[in-house]
Amino acid sequence: MSAQTWSKPVRIAAYLALAVLGVLVGVAGSLVQGAWLPGGLALALLGAAGLFYGSMQATGTQLGVAAPAVGWLAAIVVLSSGRPEGDGMFTAGTGPLIFVLGGMVLAVMCATMSRPRQPGGGPGRLTR
């Protein structure tokens, strides 16, 4: 069952839940990628990829990928801004940069993938 067949309140609730899940994955990924470099970085990017791909499969829409991606990016931006005292979640180096850019690339890749086939739909190509 794809998101197009859901009622409007259910779709809105699903997209909001995916955005909250994106925030949680972004916070967890921020903690893990800095703690266990390079394995933590790979784990954080795999978690983000799983969220984006899973949301695309669950909803079948690009908005289904955009909702968790926006939540993920919002968490990353807030955590990277730091505090007035100078404390910040991200360290200087290539690890955090790879995490941020890699996560954005993963979100774009999942959003532009071919969508799952609709139930009852015909073949993807025109036949002669």
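The values are calculated or read from the model by the stated rules, or taken from the named source; none is laboratory data. Note that the structure is a prediction, hence the values are computed from the model and not measured. Glycine gets a Cβ as well: all are built from the backbone with ideal geometry, and neighbour counts include every protein chain shown.
Just one of the listed residues (39, 29, 34) is out of contact with any Cys (no Cβ under 9 Å at 6 or more places or on another chain) and either without any contact (Cβ under 8 Å) to a residue 60 or more places away in the chain or exposed (fewer than 13 other Cβ atoms within 10 Å of the Cβ) (or both), namely 39. You will find that of 43, 21, 37, 51, the residue that is out of contact with any Pro (no Cβ under 7 Å at 6 or more places or on another chain) and in a helix (DSSP H, G or I) is 43 and no other. For the stretch 51-61, the criterion of being within 15 Å of residue 102 (Cβ to Cβ) and surrounded by fewer than 19 Cβ atoms within 10 Å (Cβ to Cβ) is met by at least one residue.
Close contacts from the stretch 94-108, counting a first residue that is without any contact (Cβ under 8 Å) to a residue 12 or more places away in the chain and a second that is part of a helix (DSSP H, G or I), with Cβ to Cβ under 9 Å and a gap of 6+ residues or different chains, come to 108/65; 108/69. If I filter the stretch 76-97 for residues that are buried (at least 19 other Cβ atoms within 10 Å of the Cβ), at pLDDT 85 or above and touching a helix residue (DSSP H, G or I) at 6+ places or on another chain (Cβ under 7 Å), do I get at least one hit? There is at least one residue in the stretch 76-97 that is buried (at least 19 other Cβ atoms within 10 Å of the Cβ), at pLDDT 85 or above and touching a helix residue (DSSP H, G or I) at 6+ places or on another chain (Cβ under 7 Å).
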